[in-house]
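What follows is a set of notes on a single structure, which appears directly below.
The values are calculated or read from the model by the stated rules, or taken from the named source; none is laboratory data. Computed from a predicted model, the values in this text were never measured in an experiment. Methodologically, a virtual Cβ is constructed for each residue, glycine included, from the backbone with ideal geometry; neighbour enumeration extends over all protein chains shown. Side chains are part of the model used for accessible areas, which takes the heavy atoms of the whole protein and leaves out ligands, DNA and RNA. Shrake-Rupley method; radii C 1.70, N 1.55, O 1.52, S 1.80 Å.
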Amino acid sequence: MQNVKIVLYGVGAVGTMIAKFLLQKKGVEIVGAVDIAENKVGKDLGEVLSLEKKLGIKVSSDIDTILEKAKPDIAIHTTSSFLKDTFPQLAAIVKHGVNVVSTCEELSYPQVSEPILAEKLDTLAKNYDATVLGTGINPGFLMDTLVITLTAPCQRVERIIATRVMNAATRRLPFQKKIGAGLTIEEFKRRIETKQITGHVGLEQSIGMIADALGWKLDKISVEAAEPVIAEKAVESKDIKVKAGNAAGLRQKAKGFIKNNEVITLDFQAYIGAKEEYDAVKIEGVPNINQKIQPCVHGDLGTVAMVVNSIPKVINAPAGLHTMKDLPIPSAATEHLRKYVRS
Ligand SMILES: NC(=O)c1ccc[n+]([C@@H]2O[C@H](COP(=O)([O-])OP(=O)(O)OC[C@H]3O[C@@H](n4cnc5c(N)ncnc54)[C@H](OP(=O)(O)O)[C@@H]3O)[C@@H](O)[C@H]2O)c1
């Protein structure tokens, strides 16, 4: 069986974790790597991944040349969160007729925030016979695809509440910094105002995806600004000490309304010292559904898996821009990856 050939577009934190996972997975072959970071371009991928051996793949900033030479089955794209930034990158991949799976949060359901770019990308992908998917653990699974799946045995759905609580102490330092852990409340608020802390990107997209799957026409989606979770007593991670009264992390809510009724609520909490970590979905309907995953799914491990497990489904799908709700039910692809690809 032939290996599935993959080009990595973005070799940052997530791209690196995906690359390391792919290197020990059966049925895949990394055939190129693209990034713009000065400390990566021109280096061997093995060095960029901090491996002890070279891989014979030079990280390049030139996507066209890489795709032209490598002719991959798919590109894994992990550069940034907003479609207005990633659109040119995705378009460049698609124009080579190459499929893409991306962790760009807005791409998970771009119809809500970037409908024009979503349509353009869909048309472009169809014209060049390529398939595009935005996915990850969240958005991509925990607060949307999983929620949608759990509505399947319901005769009626009146209200949905999904909650994710993470103890940030067990996560990477950049993540802890991103959620403002350790800052005074004043500094936290200043960083929110200056958009240095953006909160979780993807809540709006998750709500849009759930509503569309259920055929609900929402009158409004509101994404609240992230609020600091204030440490009641001193807490710490390996790298950050949080004094009592300072921000241990953040909490952010997003809501979907039909005629002033809050029908979808997403509640995202990530802070150092969270005692109970979980992913919970509560569906009020007939029947009621109460599901809780404890501890919560590990974000990095889950993201890597969601991306790699999606590869065969993306290759098998017709050309165009797809979202998780349009593809077959998500599942692990633990065997030789080609086994899951229809020829
Ligand atoms: N959906 C989900 O569940 C999920 C989960 C995890 C992450 N994400 C998202 O995935 C994205 C990647 O995350 P990350 O932690 O890996 O970020 P990161 O560490 O910042 O890595 C991104 C890499 O891409 C490079 N890059 C930026 N713009 C580029 C361009 N135009 N062409 C080529 N390379 C470019 C960056 O270079 P520079 O450093 O020079 O900019 C960096 O090396 C983020 O937007 C993150 O929020 C989503």
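The figures follow:
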| read-out | value |
| --- | --- |
| Among residues of segment 70-94, those that are within 15 Å of the ligand (Cβ to nearest atom) and part of a loop (DSSP other than H, G, I, E, B), counted | 5 |
| Cβ pairs under 6 Å, 6+ apart, first in segment 20-40 and of a type in the set (A, V, I, L, M, F, W, C), second open to solvent by less than 30 Å² (accessible area, probe 1.4 Å) and part of a loop (DSSP other than H, G, I, E, B) | Val31/Pro72; Ala33/Val11; Ala33/Ile57 |
| Positions within segment 278-292 being within 16 Å of Arg164 (Cα to Cα) and touching a residue at least 60 places away in the same chain (Cβ under 8 Å), in sequence order | Tyr278, Asp279, Ala280, Val281, Lys282, Ile283, Gln291 |
| Only one of Arg159, Arg164 that is at pLDDT 95 or above, open to solvent by 40 Å² or more (accessible area, probe 1.4 Å) and either within 16 Å of the ligand (Cβ to nearest atom) or touching an Asp or Glu at 6+ places or on another chain (Cβ under 8 Å) (or both) | Arg159 |
| Those residues of segment 297-316 which are among the hydrophobic types (A, V, I, L, M, F, W, C) and open to solvent by 20 Å² or more (accessible area, probe 1.4 Å), in sequence order | Val297, Leu301, Ala305, Met306, Ile315 |
| Filtered residues of segment 191-228 (kept if of a type in the set (Val, Ile, Thr), within 14 Å of the ligand (Cβ to nearest atom) and outside any loop (DSSP other than H, G, I, E, B)) | none |
| Residue match in segment 267-278 (condition: within 16 Å of the ligand (Cβ to nearest atom) and more than 19 Å from Ala169 (Cβ to Cβ)) | no |
| Failed item in (1) in contact (Cβ under 8 Å) with a residue 24 or more places away in the chain; (2) part of a helix (DSSP H, G or I), with Pro139 passing the rest | (2) |
| Criterion (near the ligand (Cβ under 10 Å from one of its atoms) and open to solvent by 20 Å² or more (accessible area, probe 1.4 Å)) met by exactly one of Thr65, Thr149, Thr103 | Thr103 |
